[in-house]
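Reviewing the structure listed below.
The values are calculated or read from the model by the stated rules, or taken from the named source; none is laboratory data. Because the structure is a prediction, the values reported are computed rather than measured. Cβ placement follows ideal geometry from the backbone for every residue including glycine, while neighbour counts extend to all protein chains displayed. Note: areas computed on protein heavy atoms with side chains; ligands, DNA, RNA excluded. Shrake-Rupley method; radii C 1.70, N 1.55, O 1.52, S 1.80 Å.
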Amino acid sequence: MVALRRDVHAHPELSRCEHRTTDVVVRALRGAGLSPRLLPGTGLLCDVGGDAPRVALRADIDALPLQESTGLSFSSTVAGTAHACGHDVHTAAVLGAGLVLADLHAAGELPSPVRLVFQPAEEATPGGAIDVVGAGGLDGIDRIFGVHCDPHLEVGRVGLVVGPLTAAFDKLKVTLSGPGGHTSRPHLTADLVFALAKVITETPAVLSRRLDPRAGASMVWGQVEAGGAANAIPPHGVARGTLRCLDVDAWRRAGDIMSAAITEIVAPYGVDAHVDHERGVPPVVNDEGSVEAFDDAARALIGPDAVVQTDQSLGGEDFAWYLQHTRGAMARVGVRAEGAAPTDLHRGDFDPDESAVGIAAALLAGAALRPLEP
């Protein structure tokens, strides 16, 4: 599985372009006597032990548009693309778990069938989880498990929490338009840049007063474009940012509040505003029974001190869409080498400890073997 992880790592593919990665996984599964089924486009499903699985294990297989800087012998061979979020580890772990479960089935020791889900486009919006659900990937599934690399935890540790694990995540694009004009005569035109600045500063403030502060709403702008000359008021300007929210009810309300606020903010300045609010994902909310299955597996297979309490983060994860349809949980698997300094995901130098592959595979297989309560 480490060799397969290195192969996938060296050949990263962006969302909905994971053709080689899909083929690598398909060949590995067929080599074990299994019968994977391709999803439309990229990604695949594979049932282990029969045709009516009630439990699923999910891996995401896409990479990020980042340049790798690890210097590893198996570094990305694709310029500007890298597995900087650990999806190569997730892929190898679910595949490893599936092969173990297949061996158990061959020995007559697999209690019930398990579905492996190798999902494309986790990093895209809308994400590939929606495609998997639409293709019937969750049909009959009562519980789904997934893991995510956590570089803040040492390898051998598993972070678990009952309830919210991640935040809701949306993208926002605000486009302002006006007549433009000379900066010496702002009263004869519409001062679009000033209005754009008001949108940038006032919209987060409005949200902070209209939403319950316990909802943890965070609106942050990441890109602003307007003008090209110091003495010309431009006719167009754009601001792009993200909205993250810990509470699903507040998340559902935030879009309408933002759109109304932006319209009112720019009204005094004579410019028009167009708001593109792109829904991303709801929060991942872990089911108690699924967390207990992870906890039991971690303590039995990794060690009695393996489990630590983890905190909800403001990161988004499209595993959340599965949990809109069935129960399940995501665990954070430590990938920081012992004694190494903490780092972070989505960086070109992200380099997880590869012993986490076997740990994650054991955790997933063990959770899938735990009995399902009614």
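Farthest toward the dipole's positive end in the range 118-229, which of T189, S177, P120, given Cβ charges of +1 (Lys, Arg) and -1 (Asp, Glu) about the Cα centre?
Of the candidates, T189 comes out farthest on the positive side.
Percent of accessible area on the chain owned by carbon and sulfur, 1.4 Å probe?
Reported share for carbon and sulfur atoms: 52 percent.
Mind checking the dipole of the chain: about its Cα centre, +1 per Lys or Arg Cβ, -1 per Asp or Glu Cβ, Debye to the nearest 20?
It works out to roughly 620 debye.
On a 0 to 90° scale, report how tilted helix 192-210 is relative to the longest principal axis of the chain, with both axes built from alpha carbons and the result rounded to the nearest 10.
The angle comes out at about 50 degrees.
With springs connecting C-alpha atoms under 10 Å apart, model the chain as a Gaussian network and identify which of D23, D62, D212 has the largest mean-square fluctuation.
Result for the chain, Cα springs under 10 Å: D212 fluctuates most.
Given the peptides 26-34, 345-353, arrange them by the average over their residues of other C-beta atoms within 10 Å, most packed first.
The packing order, highest mean first, is 345-353, 26-34.
Quick one: helix 87-106 against the long Cα principal axis of the chain, what's the angle to the nearest 10°, folded into 0 to 90?
Tilt relative to the chain: about 30 degrees.
Which angle from 0 to 90°, rounded to the nearest 10, does the C-alpha axis of helix 248-266 make with the longest principal axis of the chain?
In the chain, helix 248-266 runs at an angle near 20 degrees to the longest axis.
For the chain, modelled as a Gaussian network with Cα springs under 10 Å, which listed residue fluctuates most, A217, A79, A356?
Result for the chain, Cα springs under 10 Å: A79 fluctuates most.
Under the definition of Cα pairs under 8 Å and six or more residues apart, what whole-number percent is the relative contact order of the chain?
Result for the chain is 24 percent.
How large is ³J(HN,Hα) for each residue in the range 336-349, as worked out from phi by the Karplus curve 6.51 cos²θ - 1.76 cosθ + 1.60 (θ = phi - 60°), to whole Hz, x for Gly and Pro?
7, 4, 4, x, 7, 6, x, 10, 8, 7, 6, 10, x, 9
Positive end of the charge dipole of the chain (Lys, Arg +1 and Asp, Glu -1 on Cβ, about the Cα centre): tell me which of P164, G348, G270 has its Cα farthest that way.
G270
Which parts of the range 1-31 would a label at A106 reach, counting a residue when its backbone N lies under 11 Å from a point 7 Å out along Cα-to-Cβ?
Output list for this probe position: 31.
In Å², what does the accessible area per residue of the range 154-270 work out to with a 1.4 Å probe?
On a per-residue basis, the range 154-270 sits at 49 Å².
What does the accessible area per residue of the range 1-126 come to in Å², with a 1.4 Å probe and no ligands, DNA or RNA counted?
That works out to 38 Å² for each residue.
Search the structure for amide H atoms under 5 Å from the amide H of A63, placed 1.01 Å from N in the peptide plane, and list their residues when 5 or more places away or on another chain.
When sequence neighbours closer than 5 places are left aside, the close amide H contacts are E13, L14, S15.
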